[in-house]
Amino acid sequence: MAVATPGRPIFQAMLTPHRSMSRRGMFIVFALMAAGSLLVTSLMWRLGAVMVIGFNGADLLLAVTLYAMNMRAAKASEAIVLTDEALTITRTTPGGRRSEVRLAPGWLRVEIEEQPGSNPLVWVANREARHIVGLALGDAARRDLAGALREAIQRMRSPRFDNPQTRD
């Protein structure tokens, strides 16, 4: 393994929220919900319970609104890049606003803060600042991120020099 040159990434991670259903799958769910709502609405109309029709429509509208908010939140991302010069954490909000934090790599450490009944928090810290990373990840993925980041920091601190003259 060669020594990383300044500015060359030693570690990169792009973190995005997990969504279990695709947009197409959700449209299928909405179509089934609309068909069920239409069936219940027509039945309520025949029985004379006209007030139920409005609530039926409101349920469907609420489901579509909440899904749209969920899909918008899925546009958020977090990029973590470690080079010899700095650890850069770039966060992008669902609305597209970006914020960037740069930490000097000299005193970097990765900490996992256990929280009873909740996912652990992964902190990246140096002498000046401490930042949470990986909030969009689940428990196992946060632990994997912490382990990979620790390993990358360790590799950066103790590089293995590849000298062609000393090879067998």
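The values are calculated or read from the model by the stated rules, or taken from the named source; none is laboratory data. Small disclaimer: the values here were computed from a predicted structure and weren't measured. Cβ atoms come from the backbone with ideal geometry, glycine included; neighbour counts cover every protein chain shown. Surface areas here come from the heavy atoms of the whole protein model, side chains and all, with no ligands, DNA or RNA. Shrake-Rupley method; radii C 1.70, N 1.55, O 1.52, S 1.80 Å.
Within region 134-153, is even one residue in contact with a helix residue (DSSP H, G or I) (Cβ under 8 Å, 6 or more places away or on another chain) and surrounded by 14 or more Cβ atoms within 10 Å (Cβ to Cβ)? If you could, list the steps in order and put the result at the bottom.
The initial filter retains those residues of region 134-153 that are in contact with a helix residue (DSSP H, G or I) (Cβ under 8 Å, 6 or more places away or on another chain), namely 134, 137.
Add one more test, that the residue is surrounded by 14 or more Cβ atoms within 10 Å (Cβ to Cβ), and what stays is 134, 137.
Checking region 134-153: at least one residue is in contact with a helix residue (DSSP H, G or I) (Cβ under 8 Å, 6 or more places away or on another chain) and surrounded by 14 or more Cβ atoms within 10 Å (Cβ to Cβ).
In the set Ala74, Ala34, which member is modelled with pLDDT of 90 or more and surrounded by 11 or more Cβ atoms within 10 Å (Cβ to Cβ)?
On the way: Ala74 fails: modelled with pLDDT of 90 or more.
Going through Ala74, Ala34 in turn, just one is modelled with pLDDT of 90 or more and surrounded by 11 or more Cβ atoms within 10 Å (Cβ to Cβ): Ala34.
Select from region 111-133 the residues that are among the charged types (D, E, K, R) and either in contact with a Pro (Cβ under 8 Å, 6 or more places away or on another chain) or surrounded by 15 or more Cβ atoms within 10 Å (Cβ to Cβ) (or both) and write down the one among them that is nearest to Phe11 (Cα to Cα). First the steps, then the outcome.
Step one: list which residues in region 111-133 are among the charged types (D, E, K, R), which gives 111, 113-114, 127-128, 130.
Right, trim to either in contact with a Pro (Cβ under 8 Å, 6 or more places away or on another chain) or surrounded by 15 or more Cβ atoms within 10 Å (Cβ to Cβ) (or both) and you get 113-114.
Details: Glu113: 22, Glu114: 24 Å.
Once the filter is applied, the top-ranked residue is Glu113.
Have a look at Ala68, Ala136 and point out the one that is under 30 Å from Ser22 (Cα atoms) and touching an Asp or Glu at 6+ places or on another chain (Cβ under 7 Å).
On the way: Ala68 fails: touching an Asp or Glu at 6+ places or on another chain (Cβ under 7 Å).
The match here is Ala136.
How about region 86-110: which of its residues are without any contact (Cβ under 8 Å) to a residue 24 or more places away in the chain and either hydroxyl-bearing (Ser, Thr, Tyr) or more than 22 Å from Met14 (Cβ to Cβ) (or both)?
Filtering region 86-110 for residues without any contact (Cβ under 8 Å) to a residue 24 or more places away in the chain gives 86, 88, 90-100, 102, 106-107.
Within region 86-110, Thr88, Thr90, Thr92, Thr93, Ser99, Gly106, Trp107 qualify.
I'd like the full set of residues that are under 21 Å from Glu151 (Cα atoms) and either polar (S, T, N, Q) or assigned to a loop (DSSP other than H, G, I, E, B) (or both), limited to region 84-120.
Of everything in region 84-120, those that are under 21 Å from Glu151 (Cα atoms) and either polar (S, T, N, Q) or assigned to a loop (DSSP other than H, G, I, E, B) (or both) turn out to be Asp84, Glu85, Ala86, Thr88, Thr90, Ala104, Pro105, Gly106, Trp107, Leu108, Glu114, Pro120.
Scan region 77-103 for residues that are of a type in the set (Gly, Ala, Ser) and open to solvent by less than 50 Å² (accessible area, probe 1.4 Å) and report the count. Explain how you work it out, then say what you get.
Within region 77-103, the subset of a type in the set (Gly, Ala, Ser) is 77, 79, 86, 95-96, 99.
Still in the list and also open to solvent by less than 50 Å² (accessible area, probe 1.4 Å): 77, 79, 86, 96.
So the count comes out to 4.
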